[in-house]
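J.: Take a look at the following structure, please.
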Amino acid sequence: MRWGLIGASNIAAAHMMAAIRANGGEIVSVLSASPERARTYADEHGIPEGHSDLDALLAGDIDAVYISTTNEKHFAQAMAAIAAGKHVLCEKPLAMNVADAVTMVRAAADAGLAFGTNHHLRNAGSHIAIRDLIASGRIGDVLSARVMHAVYLPPHLQGWRIDNPAAGGGVIPDIVVHDADTVRFHLGEDPAEVVAMQTTSGMGQGVEDGVMSVWQMPSGATVMAHEAFTHRFAGTGLEIHGTKGSIRARGVMTQRPVGEVILTTEAGEEAIGFSDHNLYIRSIGLFVEACAGKGRPAADGVDGVKSLAVAAAVAEAARTGQRTAVDYGGI
Ligand code: NDP
């Protein structure tokens with residue numbers, strides 16, 4: 001498959017180009033707002049074409065685009081790619097608001113194009129093992145979940161994320177979307193209402209750098225989530241507690257195939273094994289198959305809309321101090 005990269009980004013360089021190539025894909029072109037940066041980035045990464053004009057990139061001989069620009073650009077770029085007949089794998093959050101995300105996802109469906117959201121966590125062997133434990137009834141009925149995703153944002157990512165709300169900065173659009181997607185993946189249901197408080201504690205300038213929220217699930221289960229950019233030593237984790245058992249996973253809210261998963265039941269503690277495959281290679285592999293009409297992306301467009309809807313509700317609840325219903329935009 002022939003790809004155009006929309007966005008000369010860190011994530012493309014750190015993970016996605018290698019994942020595309022590992023799946024036999026050819027990266028034909030890259031877009032940057034700056035012609036010079038487009039050329040430099042293309043040269044550094046062995047990409048034949050560097051563009052600063054989106055129409056020129058879309059006019060090229062490509063089947064799909066991977067969009068990893070800053071968040072405020074995703075909507076217009078996805079709509080242009082869909083209009084040009086390209087399959088779209090888009091970074092999270094899909095857009096700056098739920099209505100735009102719904103428009104993107106419906107446009108791709110109407111055009112018969114594949115649309116994926118790059119939520120990496122549901123591709124992890126650890127999370128697939130956790131989901132399988134829950135689905136096979138090992139912990140009984142789920143009572144609650146706790147998501148620990150307070151990390152330290154490394155200096156090379158402390159750009160627009162910490163000081164530019166117009167580009168989609170802040171920990172809520174950055175990390176809550178991933179946690180919403182992961183919880184939906186595990187519990188198989190969509191949060192209905194949320195309460196939240198946010199903080200700015202040293203890193204964020206005009207945006208929140210920490211948030212805690214509680215989500216009410218339709219089944220009656222409750223979810224507690226904590227995301228931050230400022231916690232150097234907290235480590236990440238996920239716990240899911242049920243009537244017959246508890247799952248405690250440590251170090252699993254990450255881009256790498258690491259961590260541990262422990263199941264505790266009346267029979268005692270059991271360490272759960274899981275595959276250590278690369279998360280992004282799996283994400284691209286399933287997307288490529290979906291483009292060929294086989295199966296669906298690991299996280300599709302509807303998943304991207306829903307994770308954004310939960311994050312938007314968390315932001316609204318934190319702003320108003322009110323219990324807030326999640327509005328999925330009719331999707
Ligand atoms: P970057 O800041 O690296 O890139 C975003 C844009 O910033 C680029 O398109 C580029 O635009 C510009 N830029 C990047 N580096 C430079 C530079 N050195 N000098 C000048 N301009 C630069 O963003 P990220 O890779 O961190 O994130 C991109 C998207 O991917 C976001 O939507 C984010 O939420 C998502 N993401 C997803 C992850 C996942 O695991 N699913 C992980 C990380 C990010 P231009 O060249 O046009 O100026």
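Values in this text are rule-based calculations from the coordinates and carry no lab data. None of the values given here were measured: they were computed from a predicted structure. Positions of Cβ are backbone-derived with ideal geometry, glycine not excepted, and every protein chain shown enters the neighbour counts.
J.: Given the rule -39500 (n - 2.57) for each run of at least 4 DSSP H residues, summed and divided by the residues of the chain, what is its mean residue ellipticity at 222 nm, to the nearest 500 deg cm²/dmol?
T.: Values: 10 runs with 103 residues, N = 331.
Taken over the chain, the calculation gives -9000 deg cm²/dmol.
J.: May I pose another question? Among the lysines, select those whose C-alpha is under 22 Å from the C-alpha of residue 294, and discard any that sit fewer than 8 residues away in the same chain.
T.: 86
J.: Can you classify the range 258-331 as rounded, prolate or oblate using the Cα gyration tensor, where a ≥ b ≥ c are the square roots of its eigenvalues, rounded means a/c under 1.5, and otherwise it's prolate if a/b beats b/c and oblate if not?
T.: Values: a/c = 2.79, a/b = 1.17, b/c = 2.39.
The shape class here is oblate.
J.: Next up: At each listed q (0.21 Å⁻¹), what is the log10 of I(q)/I(0) that the Debye formula gives for the range 120-225 modelled as equal alpha-carbon point scatterers?
T.: -1.11
J.: By how many degrees, 0 to 90 and rounded to 10, does the Cα axis of helix 301-320 deviate from the longest principal axis of the chain?
T.: 60 degrees
J.: Separate question: When the expected Rg is taken as 2.2 N^0.38 Å, what fraction or multiple of it is the alpha-carbon Rg of the chain?
T.: 0.97
J.: Put +1 on the Cβ of each Lys and Arg and -1 on the Cβ of each Asp and Glu in the chain; which of 310, 201, 233 then has its Cα farthest toward the positive end of the dipole?
T.: Toward the positive end, the furthest listed residue is 233.
J.: Kindly state, to the nearest 0.05, the FRET efficiency for residue 232 paired with residue 1, given R0 = 41 Å and r defined as their beta-carbon distance. Intermediate results must be reported in sequence, preceding the final value.
T.: Numbers: r = 40 Å, r/R0 = 0.97.
Taking R0 as 41 Å, the efficiency between residue 232 and residue 1 is 0.55.
J.: Further, regarding this structure: Rank by packing, highest mean first: peptides 251-259, 74-82, with packing defined as the count of other Cβ atoms within 10 Å averaged across residues.
T.: Most protected by this proxy first, the peptides run 74-82, 251-259.
J.: Residue by residue, what Karplus-based ³J(HN,Hα) values in Hz, rounded to whole numbers, does the range 203-208 have, using 6.51, -1.76 and 1.60 with θ = phi - 60° and x for Gly and Pro?
T.: 9, x, 10, x, 9, 6
J.: Tell me, Kirkwood radius of the range 234-285 from alpha-carbon pair distances, in Å?
T.: Mean inverse Cα-Cα distance, inverted, gives 12.3 Å.
J.: Enumerate by residue number the chymotrypsin sites (Phe, Trp or Tyr not before Pro) in the range 231-286 meeting two conditions: DSSP loop (anything except H, G, I, E, B), and at most 16 other Cβ atoms within 10 Å of the site's Cβ.
T.: Details: sites: 233, 274, 280; in loops: 233, 274.
Those satisfying the criteria are 233.
J.: Taking DSSP loops as anything outside H, G, I, E and B, show the longest stretch in the chain free of GluC sites (Glu not before Pro) there with at most 15 other beta carbons within 10 Å.
T.: Working: sites that count: 189, 266.
Here the longest run is 1-188.
J.: If I build a Gaussian network model for the chain, linking alpha-carbon pairs within less than 10 angstrom, which residue out of 265, 69, 103 has the largest mean-square fluctuation?
T.: Taking springs between Cα atoms under 10 Å, the residue moving most is 265.
J.: Roughly how many debye, to the nearest 20, is the charge dipole of the chain about its Cα centre, given +1 on each Lys and Arg Cβ, -1 on each Asp and Glu Cβ, and no other charges?
T.: Value, rounded to 20: 340 debye.
J.: Right, next: Of all alpha-carbon pairs in the range 1-104, indicate the percentage at a distance above 23 angstrom. Mind showing how you got there, number by number?
T.: Details: 958 of 5356 pairs.
Result: 18 percent of Cα pairs exceed 23 Å.
J.: Still on this structure: Testing the spin-label approximation: label points 7 Å from Cα along Cα→Cβ at residue 275 and residue 201. State their distance in nm.
T.: With each label point 7 Å from Cα toward Cβ, the separation is 3.7 nm.
J.: With a ≥ b ≥ c taken as the square roots of the eigenvalues of the C-alpha gyration tensor of the range 85-177, please select rounded if a/c is under 1.5 and otherwise prolate if a/b is larger than b/c or oblate if it is not? Provide the component values of the computation, followed by the final result.
T.: Values: a/c = 2.20, a/b = 1.18, b/c = 1.86.
Oblate is the answer for the range 85-177, as a/c is 1.5 or above yet b/c matches or exceeds a/b.
J.: Could you work out how much longer the chain between residue 110 and residue 43 gets when fully extended? Use 0.36 nm per residue separation minus the Cα distance between them, nm to one decimal. Display every interim value, and only then the final one.
T.: On the way: separation 67, 0.36 × 67 = 24.12 nm, distance 3.62 nm.
Residue separation times 0.36 nm, minus the Cα-Cα distance, leaves 20.5 nm.
J.: Between the range 161-222 and the range 259-304, what's the alpha-carbon centroid distance in Å?
T.: 21 Å
J.: Place +1 on the Cβ of every Lys and Arg and -1 on the Cβ of every Asp and Glu in the chain, take the dipole about the Cα centre, and give the residue among 172, 88, 52 whose Cα lies farthest towards its positive end.
T.: 172
J.: Can you list the residues of the range 192-229 with backbone N under 19 Å from a point 7 Å past the Cα of residue 97, pointing along Cα to Cβ?
T.: none
J.: Given R₀ = 51 Å, FRET efficiency for residue 132-residue 36 by Cβ-Cβ distance, to 0.05?
T.: On the way: r = 48 Å, r/R0 = 0.95.
Once the sixth-power term is evaluated, E becomes 0.60.
J.: Here's a follow-up. Starting from the Cα of residue 244, draw a straight line to each of the lysines and keep only those under 28 Å, dropping any in the same chain fewer than 8 residues away.
T.: Correct list for residue 244: empty, as no lysines qualify.
J.: State the answer as a single residue: which of 118, 97, 154 lies farthest towards the positive end of the charge dipole of the range 58-163, with beta carbon charges of +1 for Lys and Arg and -1 for Asp and Glu, about the Cα centre.
T.: Sorting the options by dipole projection puts first 154.
J.: Which order do the peptides 170-177, 15-22 take when ranked by the mean count of other beta-carbon atoms within 10 Å per residue, highest first? Could the numbers behind the result be given before it?
T.: Working: 170-177: 26.2, 15-22: 19.8.
Peptide ranking by packing, descending: 170-177, 15-22.
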